[in-house]
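Okay, so here's the structure we're looking at.
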Amino acid sequence: MKARVHVTLKAGVLDPQGKAIRHSLGSLGFDGVEKVRQGKYIELDLAETDKDKAMAAVDEMCRKLLANTVIENYSIELD
Amino acid sequence: MKSAVIVFPASNCDRDMAVALEKIFGEKPAMVWHGEATIPDVDFIALPGGFSYGDYLRSGAMAARSPVMAEVIKRANDGVSVFGVCNGFQVLTESGLLPGALMRNAGLKFICKDAYLKVENNQTRFTNKYEAGEVVRYPVAHHDGNYFADADTLKALEENNQVVYRYVDAEGNATPEANINGSQNNIAGIINKAGNVLGMMPHPERLIEHDLGGDDGRALFESAIAALANA
């Protein structure tokens with residue numbers, strides 16, 4: 001089973017890298033970008049075949065390592 | 001005074017820290033590799049600056065889950081002094097020993113220069129040899145030193161006097177210009193509620209003798225000796 005994890009900064013946490021990306025897009029002529037927030041995408045191949053068990057395991061992985069819940073949110077998709 | 005320096009793959013201020021500890025504490029520190037599950041019986045554990053595990057994922061994230069950190073957390077909970085500098089501070093926040101997180105500098109650039117800091121709390125086991133409100137100059141060298149915590153955490157840190165160091169100008173004013181990396185409330189260093197775990201981005205261990213350009217950092221280690229003698 002494949003798990004796809006998106007890790008994003010929480011609302012209200014300053015994202016200087018996102019701001020720099022927006023600035024660079026502006027200098028390339030992409031004027032309509034009002035805001036950029038940068039995050040991470042992590043793909044996991046799991047031996048687990050039970051969806052509930054896989055979800056519980058990946059959720060624990062996110063809380064313990066993949067995301068820092070002080071500053072980041074995460075979402076998990078399984079397929 | 002017996003001490004230990006934890007060494008992670010890519011730590012690069014571990015030897016600076018060891019020299020400072022040996023000179024001031026009078027005994028060579030034990031150098032403890034990240035894979036060790038035990039730490040000798042010591043009074044002071046230092047987490048040095050540099051990098052750790054390539055700082056993959058987030059600075060300090062992997063190091064915080066290394067075998068030796070389980071033991072550091074245990075010792076911290078037993079009341080042993082734990083001092084994290086730079087990457088060591090990042091490891092302390094990632095491990096949960098200190099609240100908040102250290103994000104990319106607001107200006108996005110690596111900052112390598114001396115910074116003025118105000119000793120906001122000199123009633124700690126790490127700062128009792130400084131005057132209250134004393135302005136000191138320590139070197140800084142980091143890319144991810146932008147301190148962030150949610151509003152409730154910040155309020156608690158301020159109310160409990162857990163903000164030990166703040167970025168200031170030469171006159172001691174915590175201005176936006178003096179806030180080199182965009183940290184909330186100009187925070188440069190914080191201590192845990194129990195008062196035995198200090199984390200800070202600047203490097204006092206790099207400035208312990210006149211021949212190296214100053215000794216503003218020396219009193220931090222002398223404070224630890226005084227605190228142990230009075231314990």
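We did not get these values from a lab; they are worked out from the coordinates using the rules stated. As the structure is a computational prediction, the values presented were derived from the model and not from experiment. Here the Cβ is made from the backbone with ideal geometry for all residues, glycine too, and neighbour counts use every protein chain on show.
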Over 19 Å between alpha carbons, listed pairs B:74/B:193; A:40/A:64; B:23/B:74; A:19/A:40; A:10/A:64
B:23/B:74
For the range B:1-46 versus the range B:173-231, the gap between their alpha-carbon centres in whole angstrom
18 Å
Here the residues of the range B:107-122 lying in the modelled label zone of residue B:131, meaning backbone nitrogen under 15 Å from a point 7 Å along Cα-to-Cβ, are B:117-122
Taking every DSSP beta bridge with both residues inside chain B, roughly what % is antiparallel (nearest 5)?
60 percent
Quick one: go through the range A:24-57 and flag any residue whose amide nitrogen is under 17 Å from the point 7 Å out along the Cα-to-Cβ line of residue A:1.
A:43-57
For every other residue with a beta carbon closer than 9 angstrom to the beta carbon of residue A:8, add +1 if it is Lys or Arg and -1 if Asp or Glu, then tell me the sum.
+2
Exposure proxy check on A:31, A:15: fewest-to-most Cβ neighbours within 10 Å is A:31, A:15
B:86, A:62 arranged by Cβ crowding within 10 Å, fewest neighbours leading
A:62, B:86
Could you give the length gained by full extension between residue B:171 and residue B:231, i.e. 0.36 nm per residue of separation minus their alpha carbon distance, to one decimal place?
18.2 nm
Could you compute the longest span of chain B free of GluC sites (Glu not before Pro) located in DSSP loops and having at most 12 other Cβ atoms within 10 Å, not counting the site residues?
B:28-130
Counting other C-beta atoms within 10 Å, which of A:21, B:24 has the fewest, and how do the rest follow?
A:21, B:24
